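**Q** I am attaching a structure below and will ask some questions about it afterwards.
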C-alpha cells in the first residue's frame, strides 16, 4: 500500500519496499513518504513488519526490492548486484544523517556516559576531541543526564541508558531519527523519562519515525499514525482519525484489544510524572 505519493518535496521516501525472510514476507511493496519535521508513529501487532520497515529505511536490513531516498539522494536501491566502494561510502554518508535508537539501548559498557557520546563523533564524524566533548556535554544536558557524564552505564537505570543512546545519536547531528520501540525494554515507571525527551525533540521539529506501543504518546506527538499488519500499511492518518474512527475492521480489532483507557495523555510540559502510563 502506498501512503503519500513520492515527490521531490518529500524528505524521506520509502518506495515499494519488499523483504522476505525464508518463507515469511516481512514487507509487501510498502511505500511511505515523510515530510521534513514530520513525526510518524508506527503501530501494529508483533511481527507485522514495523521494525523491518524502520531498518530498511537506513539500509541496515536491505530490502529485496525497492528504493529509499533521503533529501532527494539515494540511500539504497534493490535488488543489489554487488556494492562498489563508492556506493558503500555514499551509504555510510547517508546513514550518518540518520540517528538510530534500538530497543536494547546498545550503549558501550566500557565507556562512561561522556565517552559514549564523544567516541562516534571522533571516529565517524572526524571531529576534534574538544568539539566532540563540547557537543557531548550539550547533548547529555538535553536529555537530562548532565549530572551523569562521568558515570558508567552499568550504574544507569534502563531509562537513563536509553536517554544516553538518544544523546549519542543526537550528537551526530542527524536530520532524521529512527526509533524502534524505544520504551519496550523499560519498566513502566521509567517509560516517562524517555517519552519526555522524544516529545521535546518533536516540539523542536526533528523528523522522526517511531515504532511504538505507547498510544498516548503517539496521539500527542505524531503528525500521522501508521498501522501495519502482515507486512503492509493498512491505515495511516492523523491520530484523532486513526485512534478514534478507524476505517478497517483489522485496526478496530487491534485497538479493541488494547486497554486504551489506561493511557493518559502527556502534559504540556516534560515533567515525567505527567507522562507515565498507568498500565
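The values are calculated or read from the model by the stated rules, or taken from the named source; none is laboratory data. A quick note: this is a predicted structure, and the numbers were derived from the prediction, not measured. All Cβ positions, even for glycine, are placed from backbone atoms using ideal geometry, and neighbour counts span all protein chains on display.
**Q** Mind counting the residues in segment 176-215 that are within 26 Å of residue 72 (Cβ to Cβ) and in a helix (DSSP H, G or I)? First the steps, then the outcome.
**A** Keep residues of segment 176-215 that are within 26 Å of residue 72 (Cβ to Cβ), which gives 176-180, 201-202, 204-211.
Checking which are in a helix (DSSP H, G or I) leaves us with 201-202.
Of the residues in that region, 2 qualify.
**Q** If you check 189, 203, which single one turns out to be surrounded by fewer than 19 Cβ atoms within 10 Å (Cβ to Cβ) and at pLDDT 90 or above?
**A** Details: 189 fails: at pLDDT 90 or above.
Result: 203 is the single residue among 189, 203 that is surrounded by fewer than 19 Cβ atoms within 10 Å (Cβ to Cβ) and at pLDDT 90 or above.
**Q** A follow-up question, please. Surrounded by 16 or more Cβ atoms within 10 Å (Cβ to Cβ), touching a residue at least 60 places away in the same chain (Cβ under 8 Å), more than 30 Å from residue 249 (Cβ to Cβ) and in contact with a helix residue (DSSP H, G or I) (Cβ under 9 Å, 6 or more places away or on another chain): is that true of residue 107 in this structure?
**A** Yes: the conditions hold for residue 107.
**Q** What are the residues in segment 79-96 that are farther than 29 Å from residue 138 by Cα and either in contact with a strand residue (DSSP E or B) (Cβ under 9 Å, 6 or more places away or on another chain) or not in a helix (DSSP H, G or I) (or both), if any?
**A** 79, 80, 81, 82, 83, 84, 87
**Q** Shifting gears a bit: In segment 114-132, what count of residues is obtained for those that are in a helix (DSSP H, G or I) and more than 25 Å from the chain's Cα centre (by Cα)?
**A** Residues flagged as in a helix (DSSP H, G or I) and more than 25 Å from the chain's Cα centre (by Cα) within segment 114-132 amount to 3.
**Q** Looking at 48, 41, which is the one that is part of a strand (DSSP E or B), within 26 Å of residue 250 (Cβ to Cβ), under 18 Å from the mean Cα position of the chain (by Cα) and touching a residue at least 60 places away in the same chain (Cβ under 8 Å)?
**A** Going through 48, 41 in turn, the sole match is 41.
**Q** Separate question: Out of 76, 99, 66, which single residue is buried (at least 20 other Cβ atoms within 10 Å of the Cβ), at positive phi and not in a loop (DSSP other than H, G, I, E, B)?
**A** Among 76, 99, 66, only 66 is buried (at least 20 other Cβ atoms within 10 Å of the Cβ), at positive phi and not in a loop (DSSP other than H, G, I, E, B).
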